[in-house]
């Protein structure tokens, strides 16, 4: 075994517990990654799913010694950081956390963005009262050696604030994340009859969008597992969700196929999407690609474990 992935939160926007979401889960984004025989722990995002993950870490890892791990935040929207105050290891002396993520507004550092949740107006514990040793590191597009044979590559995605995709490479295996994101599109494209029409701008905009989408495909290239934002169907996306920073099932499938991805996991499920609807969509899309690609598609599910 090289990489073991466990899903702890798979929803987008807001937690949505209830009888209609119990199968796939109602918690927001949180992933647990374990690498190699040493069981190196890395977490991706701190949505509401990180609460139960933290309890599991305390139960199973703390007896082996102080908890030391990295948390990589894709971006700082609320649904991806809201679980942090409930992450039990931050209250345990000896815990060492390194938190990485992109920062959109330079006047607000990553520690302020995350730590501002821990203020009396929002929460009964302040950041200064935490027992853990927590260090924050702003991230941009880069390639990093995380040690132990793990290489991390980051890529800017298309979202209303700075948002990073992560590509973890280890022992010949590759796992990629791509949420929250939508296809790059030509923002200058308007009707020729419009007074704002500029032929040169339209042509340049189309070229830039094409280049950026090709960079994304290169980032995914050959991944064993791709966890991709699929909050909307193509119909929903085109009717009213353009510019919201999320992708369609159809786009994710097409991108994964073009990039030679082996396994695609639908992720960041719309809070209105029921388990029954997700089952039907999985059935529909599996049928649509049958005999056309070797790509395996699945719906990300809380508690599901993927061995890579």
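The values are calculated or read from the model by the stated rules, or taken from the named source; none is laboratory data. Just so you know, these numbers come straight off a predicted model, no measurement behind them. Cβ sites come from the backbone with ideal geometry, for glycine too, and all protein chains shown count toward neighbours.
Some notes on this structure:
- In the range 116-167, the residues that are more than 22 Å from residue 224 (Cβ to Cβ), touching a helix residue (DSSP H, G or I) at 6+ places or on another chain (Cβ under 6 Å) and part of a strand (DSSP E or B): 136, 138
- Across the range 21-43, the qualifying residues are those that are in contact with a helix residue (DSSP H, G or I) (Cβ under 8 Å, 6 or more places away or on another chain) and part of a loop (DSSP other than H, G, I, E, B), and the one among them that is surrounded by the most Cβ atoms within 10 Å (Cβ to Cβ) is 29.
- Condition check for residue 208: part of a loop (DSSP other than H, G, I, E, B) and at pLDDT below 80: no
- Restricting attention to the range 61-76, the residues that are buried (at least 21 other Cβ atoms within 10 Å of the Cβ) and assigned to a loop (DSSP other than H, G, I, E, B) add up to 3.
- Counting only residues that are on the phi > 0 side of the Ramachandran plot and in contact with a strand residue (DSSP E or B) (Cβ under 8 Å, 6 or more places away or on another chain), the range 258-308 holds 2 of them.
- Looking across the range 44-60, the residues that are without any contact (Cβ under 8 Å) to a residue 60 or more places away in the chain, farther than 14 Å from residue 72 by Cα and either assigned to a loop (DSSP other than H, G, I, E, B) or touching a strand residue (DSSP E or B) at 6+ places or on another chain (Cβ under 7 Å) (or both) come down to 48, 52, 53.
- Residue list for the range 172-190, filter: surrounded by 14 or more Cβ atoms within 10 Å (Cβ to Cβ), more than 14 Å from the chain's Cα centre (by Cα) and either modelled with pLDDT of 90 or more or part of a strand (DSSP E or B) (or both): 173, 174, 183
- Hits in the range 256-266 - residues which are crowded, with 22+ Cβ neighbours inside 10 Å and touching a helix residue (DSSP H, G or I) at 6+ places or on another chain (Cβ under 9 Å): 256, 261, 264, 266
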